[in-house]
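One structure is given below, encoded as structure tokens.
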Amino acid sequence: GWGVQNCVFGFQHDYSGKHPVEEGSAAEINRTSILGGTYGLYAWSEGHPRIKATSSFIRAGTIAVMAGQSSGPDAQYIDLYDCDVVVDYDRYPSAGVGTTTVAGLCARGGVLRMFGGSITVRGSKKMHGAVGAWASCFGAEPWLWDWPYKYLYDVRCRVDPNGAKEWYDVLGDVGTTEVFGGTG
């Protein structure tokens, strides 16, 4: 490989218990370029963290922005303002994440919002699906809750299946997904 870090920026659960994410932790990035093999920007931890990204370029091989903690409606909060999100499974090596779908955004819990900007996803014949913005709990069924919450405001979305069997600009397998304006 060419040295792409697998998970680049975010909050991760500490399985050792020595360094848990503190309650209310927050991070903010502005005009930052991120390239991750599996995830670019992510929250997958305890502590109900908040991430705000503004005018940033976030790329990854599997899921560029992951709201991964699926423990409830307030598991994490991720807000993107005028960011460009790109996923290309064939171009950026990935360690895989237990899914057969690549996605620009994925919400498993909490709240994920995107204001302006764009999502560009290039699928792969090696993956079953390609999705611009996705709400999923990777097969945790039946799903009885209205979370995760995913909101898109004036986002431009383009998905090229590139051999994937299924592709969607927006897919809400679980929770609440709302789209206001935008293209795709």
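For segment 76-97, enumerate the residues that are of a type outside the set (Asp, Glu), touching a Phe, Trp or Tyr at 6+ places or on another chain (Cβ under 8 Å), in a loop (DSSP other than H, G, I, E, B) and at pLDDT 90 or above.
76, 83, listed by residue number.
From the residues in segment 150-179 that are farther than 19 Å from residue 110 by Cβ and of a type outside the set (D, E, K, R), which one is surrounded by the most Cβ atoms within 10 Å (Cβ to Cβ)?
Start the filter on segment 150-179 by keeping residues that are farther than 19 Å from residue 110 by Cβ, which leaves 154, 156-169.
Next, from what is left, pick out any that are of a type outside the set (D, E, K, R): 157, 159, 161-164, 167-168.
Working: 157: 24, 159: 26, 161: 17, 162: 18, 163: 15, 164: 23, 167: 20, 168: 19.
In this case the residue turns out to be 159.
For residue 47, work out the one condition from (1) open to solvent by 40 Å² or more (accessible area, probe 1.4 Å); (2) part of a loop (DSSP other than H, G, I, E, B) it doesn't fulfil.
All conditions are met except number (1).
Would a scan of segment 9-20 turn up a residue that is in contact with a Phe, Trp or Tyr (Cβ under 8 Å, 6 or more places away or on another chain) and either of a type in the set (A, V, I, L, M) or open to solvent by less than 10 Å² (accessible area, probe 1.4 Å) (or both)? If you could, list the steps in order and put the result at the bottom.
As a first pass, look at segment 9-20 and keep what is in contact with a Phe, Trp or Tyr (Cβ under 8 Å, 6 or more places away or on another chain): 9-13.
Remaining after also requiring either of a type in the set (A, V, I, L, M) or open to solvent by less than 10 Å² (accessible area, probe 1.4 Å) (or both): none.
No, segment 9-20 has no match at all.
Give me the residue from segment 98-123 that is surrounded by fewer than 22 Cβ atoms within 10 Å (Cβ to Cβ) and more than 20 Å from residue 55 (Cα to Cα) and, out of that set, modelled with the lowest pLDDT.
If we filter segment 98-123 for residues that are surrounded by fewer than 22 Cβ atoms within 10 Å (Cβ to Cβ), which is where we start, we get 98-100, 111, 113, 115-116, 118, 120, 122.
Among the residues that remain, those that are also more than 20 Å from residue 55 (Cα to Cα) are: 98-100, 122.
Working: 98: 67, 99: 77, 100: 88, 122: 97.
Among those residues, the one meeting the criterion is 98.
Is it the case that segment 155-168 has a residue that's more than 25 Å from residue 69 (Cβ to Cβ), more than 12 Å from the chain's Cα centre (by Cα), modelled with pLDDT under 95 and of a type outside the set (Asp, Glu)?
No, there is no match, as no residue in segment 155-168 is more than 25 Å from residue 69 (Cβ to Cβ), more than 12 Å from the chain's Cα centre (by Cα), modelled with pLDDT under 95 and of a type outside the set (Asp, Glu).
So how many residues does segment 134-184 have that are in contact (Cβ under 8 Å) with a residue 12 or more places away in the chain and part of a loop (DSSP other than H, G, I, E, B)? So that I can check it myself, show each step before the final result.
Our first condition is that a residue be in contact (Cβ under 8 Å) with a residue 12 or more places away in the chain; within segment 134-184, this holds for 134-138, 140, 143, 145-184.
Now narrow it down to the ones that are part of a loop (DSSP other than H, G, I, E, B): 136-138, 140, 143, 145-148, 154-155, 161-165, 173-175, 181-182, 184.
Total meeting the criteria: 22.
Residue under question is residue 147, and the condition is that it be touching a Leu at 6+ places or on another chain (Cβ under 9 Å) and buried (at least 19 other Cβ atoms within 10 Å of the Cβ); does it hold? Reasoning before the result, please.
Details: touching a Leu at 6+ places or on another chain (Cβ under 9 Å): no; buried (at least 19 other Cβ atoms within 10 Å of the Cβ): yes.
No, not satisfied.
The values are calculated or read from the model by the stated rules, or taken from the named source; none is laboratory data. It should be emphasised that the depicted structure is a prediction, and the values quoted were computed from it without experimental measurement. Cβ atoms come from the backbone with ideal geometry, glycine included; neighbour counts cover every protein chain shown. When the accessible area is computed, the model is the full protein with side chains, heavy atoms only, and any ligands, DNA or RNA have been set aside. Shrake-Rupley method; radii C 1.70, N 1.55, O 1.52, S 1.80 Å.
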